[in-house]
Amino acid sequence: MTTATNHRTPASSPNVTPALEVRDVSKNFGAVQALKSVSFNITPGKITGLVGDNGAGKSTMVKVLSGVHAPSSGTLLLDGEPIVFSNPGQARAAKIETVFQTLELVEEFDVAENFYMGQELTRLGPLRIRRTAEMRKEAAVAVGQLGINIPGGVTRKVRTMSGGQRQAVAIARAAFWSSKVLLLDEPTAALGVRETAQVLEVIETLRDQGAAILLISHNMKDVERLCDNVVVLRQGRKSGHLTGEFTGQDCVSYITGAVSDLDTNEAGDGE
Ligand SMILES: Nc1ncnc2c1ncn2[C@@H]1O[C@H](COP(=O)(O)OP(=O)(O)O)[C@@H](O)[C@H]1O
Ligand SMILES: [Mg+2]
């Protein structure tokens, strides 16, 4: 029998088409090989973990997937079609949203204004006022659907909010614009226990709504609880890919190099 926390199914489940396929992606910065022929899938309704030591290449991977960096080689496929992003706007247009560790919220804006930031709502005059009401309504619905409780609602300014509330808003904003792929870089770093729990619940809600989620985390308890499968990067290579039943300790073994799939298979990719 499955339990409330045991929702995993094999990552190789044949009837689930990946939302985003990463194929043999490498990224060099001059002589530094940040990513070396890394392959994995991000699947709708699943949370894929991306873990590894500092400098392993996690943020570089997120930046390749979000259009910040072009890969040096390799291919990205969106819904099975090869796709190339020349800038982050193109990735967002393709419904890939990223929550960077820095969040990129505007402190002096309220929640609704942050939701629409950079999305071209620049009409002036009475039209703008009507649009503001619409924006607030839509943002409130989006926040409500994720079960996020922000006392004061969407007209609350970000600068008055706690770290957990900000994280939740940043994730809700990304979810608002993306029905497809969400890339989350350390969404619970620097949060307290209660705030972390709130943010994890938001991520699970998005998963249940069918989003394909990539979750970078250093917290192996969170990874163990949330992720359906976990890609481990070590010195730019995929040293392991955990699926089915695994523990946080299994992840740690791959992260530290105590265990590696690279010995038997250079690409680190199972048959
Ligand atoms: N813009 C860059 N220019 C040069 N080197 C970089 C750049 N970004 C990352 N690197 C290097 O790539 C490697 C992987 O970094 P990063 O992806 O940030 O790792 P992680 O997020 O896993 O800690 C590191 O050696 C880092 O110094
Ligand atoms: Mg990083």
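Structure data summary
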{"item": "Shape call, the chain: gyration tensor on alpha carbons, a/c limit 1.5", "result": "prolate"}
{"item": "At least 27 Å along the helix axis (C-alpha) and Kyte average at least -0.5, DSSP helices within the chain", "result": "126-145"}
{"item": "Local electrostatic count, Asn219, Cβ distance below 10 Å [Lys/Arg +1, Asp/Glu -1]", "result": "-1"}
{"item": "Within the accessible area of region 141-203 (1.4 Å probe), percent carbon and sulfur", "result": "52 percent"}
{"item": "Surface per residue (accessible, 1.4 Å probe) for the chain, Å²", "result": "49 Å²"}
{"item": "Net lengthening on full extension, Glu81/Thr155 (0.36 nm per residue, minus Cα-Cα)", "result": "22.6 nm"}
{"item": "Environment charge at Gly57 (Cβ cut-off 15 Å; Lys +1, Arg +1, Asp -1, Glu -1)", "result": "+3"}
{"item": "Net charge of neighbours whose Cβ lies under 13 Å from the Cβ of Val181, counting Lys and Arg as +1 and Asp and Glu as -1", "result": "+2"}
{"item": "Beta bridge orientation in the chain: antiparallel %, DSSP, nearest 5", "result": "55 percent"}
{"item": "Net dipole in debye of the chain [+1 Lys, Arg Cβ; -1 Asp, Glu Cβ; about Cα centre; nearest 20]", "result": "940 debye"}
{"item": "Placed amide H near Gln33: partners under 5 Å, 5+ positions off or other chain", "result": "none"}
{"item": "Partner lysines for Lys58 [C-alpha distance under 27 Å; skip if fewer than 8 residues away on the same chain]", "result": "Lys27, Lys36, Lys46, Lys95, Lys180, Lys221, Lys238"}
{"item": "Contour excess over end-to-end distance, with Cα ends at Gln145 and Val252 and 0.36 nm allotted per residue", "result": "35.1 nm"}
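The values are calculated or read from the model by the stated rules, or taken from the named source; none is laboratory data. Computed from a predicted structure; not experimentally measured. Backbone-built Cβ (ideal geometry, glycine too); neighbour counts: all protein chains shown. All accessible areas refer to the heavy atoms of the entire protein, side chains included, with ligands and DNA or RNA removed. Shrake-Rupley method; radii C 1.70, N 1.55, O 1.52, S 1.80 Å.
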